[in-house]
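Chemist: Just passing along the structure, written as structure tokens.
The values are calculated or read from the model by the stated rules, or taken from the named source; none is laboratory data. Predicted, not measured: the structure shown is a model, and the values here were computed from it. Because the Cβ atoms are built from the backbone with ideal geometry, glycine has one as well, and the counts that use them run over all protein chains shown. What goes into the accessible areas is simple: the full protein's heavy atoms, side chains included, and nothing from ligands, DNA or RNA. Shrake-Rupley method; radii C 1.70, N 1.55, O 1.52, S 1.80 Å.
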Amino acid sequence: MQIISIHVPKAGGTSMLDLWRRTFGPQRVLADYEDPPGDPAARHLLDPEGWQEARPQSLDPEWRVVHGHFRPHKYDRLENVFRLTLLRHPLQNMLSIYFYWKTIPPQPSALHRYFLEQRLDLLGLARLPLLRHLYSRTYFGDWDMGRLDFIGSHEDRPATLRRLEQALGLRLDQDTRLNVTPPEPFEQERARLLDDQRLMARLQDLLRDDIRFYETHLQRPPRS
């Protein structure tokens, strides 16, 4: 069975790509990052009808896994595939995106360039619609989440991978070193922001739709 693996930003997706490549071999894993949902110039936003028509109806049998930044809609014509994603609490996810975007050079995405040019703070970043509703609209809006066969937790990665092995009926080639999160830059600033109760309350309010989405779907029983 082929696997469609949706990489939501900063939720352990890079490690998942490495895991798929170790398990099946790099030549059998298609890394699909050409049309990221969070890019304002993504094809599904610029040309919705053309994007819909271009959705594949089948995959090359050589591909065992498709993994990357894409809306699940892109591959919803495929049958007999196993669909999955990992989610991270939106508040922690937004913090991770914020500090990551501060460390990397300007990216092709207009969203990242805008963040740098406007020197946005954490709340300014969280107000941007594509990130404010990263789960509930940008990635999974208008998608029946019941069509996902598996939803894992970034926060509880070991248990998630054990459940995933059971769901797939195979042994995943895990590298425990990849499960160790390295210290993030700006640790003191991160701690200061987390200790600011008023700021965290405002951030939670901005992200309330995604927090509700996260809490609802992460607790959903596995698809039988």
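Chemist: Whenever you get a sec, compute what percent of the accessible area on segment 1-54 sits on carbon and sulfur atoms (1.4 Å probe).
Modeler: Answer for segment 1-54 is 52 percent, counting heavy atoms of protein chains only.
Chemist: Please give the per residue accessible area of the chain, computed with a probe of 1.4 Å over protein heavy atoms only, in Å².
Modeler: Result: 54 Å² per residue.
Chemist: Let me ask something additional. Once the principal axes of the Cα atoms of segment 2-51 are found, what is the range along each, listed largest first in whole angstroms?
Modeler: Rounded to whole Å, the extents work out to 36, 22, 13 Å.
Chemist: To continue, here is another question. Could you work out which residue, out of 106, 48, 37, moves most in a Gaussian network model of the chain, that is, has the largest mean-square fluctuation with Cα springs under 10 Å?
Modeler: 48
Chemist: Based only on Cα atoms, what mean projected area does the convex hull of segment 15-130 have, in nm²?
Modeler: It is 8.5 nm².
Chemist: Per DSSP helix of 4 or more residues, -39500 (n - 2.57); summed, then divided by the residues of the chain. What does that give at 222 nm, rounded to the nearest 500?
Modeler: It lands at -12000 deg cm²/dmol.
Chemist: Separate question: Sorted by packing (mean other beta-carbon atoms within 10 Å per residue), highest first, where do 188-197, 160-169 land?
Modeler: Going from most to least packed, we get 160-169, 188-197.
Chemist: Which ³J(HN,Hα) values, rounded to whole Hz and listed in residue order, are derived for segment 25-35 from phi using the Karplus coefficients 6.51, -1.76 and 1.60 in 6.51 cos²θ - 1.76 cosθ + 1.60 with θ = phi - 60°, glycine and proline given as x?
Modeler: So the J values, rounded to whole Hz, are x, x, 6, 10, 10, 8, 8, 9, 10, 7, 9.
Chemist: Where the centroid of each part is defined by its Cα atoms, how far is segment 7-28 from segment 72-133 in Å?
Modeler: The two parts, judged by their Cα centres, are 18 Å apart.
Chemist: Still on this structure, I have one more. Take the alpha carbon atoms of segment 94-160, find their radius of gyration, then divide it by 2.2 N^0.38 Å using N residues; give the quotient.
Modeler: 1.35
Chemist: Return the Cα extents of the chain along principal axes one, two and three, sorted largest first, each rounded to a whole Å.
Modeler: 49, 41, 33
Chemist: Now, a different point. When 1/r is averaged over all different Cα pairs and the result inverted, which Kirkwood radius in Å belongs to segment 23-89?
Modeler: About 13.2 Å for segment 23-89.
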